[in-house]
Each structure stands twice: as structure tokens, then as C-alpha cells.
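The values are calculated or read from the model by the stated rules, or taken from the named source; none is laboratory data. Bear in mind the structure is a predicted one, so any value in this text is a computation, not a measurement. Backbone-built Cβ (ideal geometry, glycine too); neighbour counts: all protein chains shown. Side chains included, ligands, DNA and RNA excluded: accessible areas come from the protein's heavy atoms. Shrake-Rupley method; radii C 1.70, N 1.55, O 1.52, S 1.80 Å.
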Amino acid sequence: MSLQLKDLYDGISVHATADREHEAAIELLLLVMVADHHIGSAEIDEIRTISEDQGFESDTFSFDQYLGQAMARVRSAIADHAVDALLDDLDHRITSTVLRHSLFSAARDVAGVDDAIVPGEESLLAQVAARFA
């Protein structure tokens, strides 16, 4: 394989992996948001801010464009009582050590943005801490 072709494929792989991880991180944060069965604009804004601060926004990934699809995945997992399966999938998709270590803090920020962390959020945060911290 030529060096130019290898460089091209290496770049695509890195970007694809990053987007996949960013999608998974957004899904995880949305899962934390809906754990209290309340969706607020402050929580969405917090997730958007985290996405921007973490550098998720790129030519190939946009929080606003992925939000609907991510919310559908999260709601489906909740409706199907498959939250553990979703967490397993997210755990598998997020391989970056740096991102994994930042997720618990981000999840805690999302849960606490409304100044109240209910037992459902506490339980989910404990699972996030066990998997990602």
C-alpha cells in the first residue's frame, strides 16, 4: 500500500472513531438527563456546552444534528428496559482514555444542572463512575 493511501485511510479511521465516541458520549449524557424523567432546556444546553468544550464539533459531527438520533436511541433503551445494554454499548464504543475519564464529571454536571439529583440519577451516576471513571 502506498504511503499516501495509508495516510488517507489512517485519517478516515481516526475521524470515524472520534465521531463514534462523540456520539456515544452524547447518548450517555442524554441518558443521564432523562434519568429523572424530566427534560429541561438547561440540561440540553449543558450537554451542548460540554460537546463544544470537549471539541466534539467538527466537519463530520454536530451536536445539534445528532441530538434527535441520540435521543431516539436513549428513549428506545428506556422503553425496552435495555439501559444496561445501552451502557454496555457505550462502554464498548468509547475507547479514548481521556474521554472516558471526563465522562463522569460531565454526567454529574448534567445531572446537577437543575440543582437536584434524584435517586434514579444517583444510581445511573454510580454506574457511569464504575464503568468510566
>> So for region 99-109 (the condition being farther than 22 Å from ALA133 by Cα and acidic (Asp, Glu)), does at least one residue qualify?
In response: no
>> If ARG48 meets every condition in (1) at pLDDT 95 or above; (2) exposed (fewer than 12 other Cβ atoms within 10 Å of the Cβ); (3) not hydrophobic (A, V, I, L, M, F, W, C) apart from one, which number is that one?
In response: (2)
> Can you find a residue in region 24-34 that is at pLDDT 95 or above, part of a helix (DSSP H, G or I), open to solvent by 70 Å² or more (accessible area, probe 1.4 Å) and of a type in the set (D, E, K, R)?
Replying inline: no
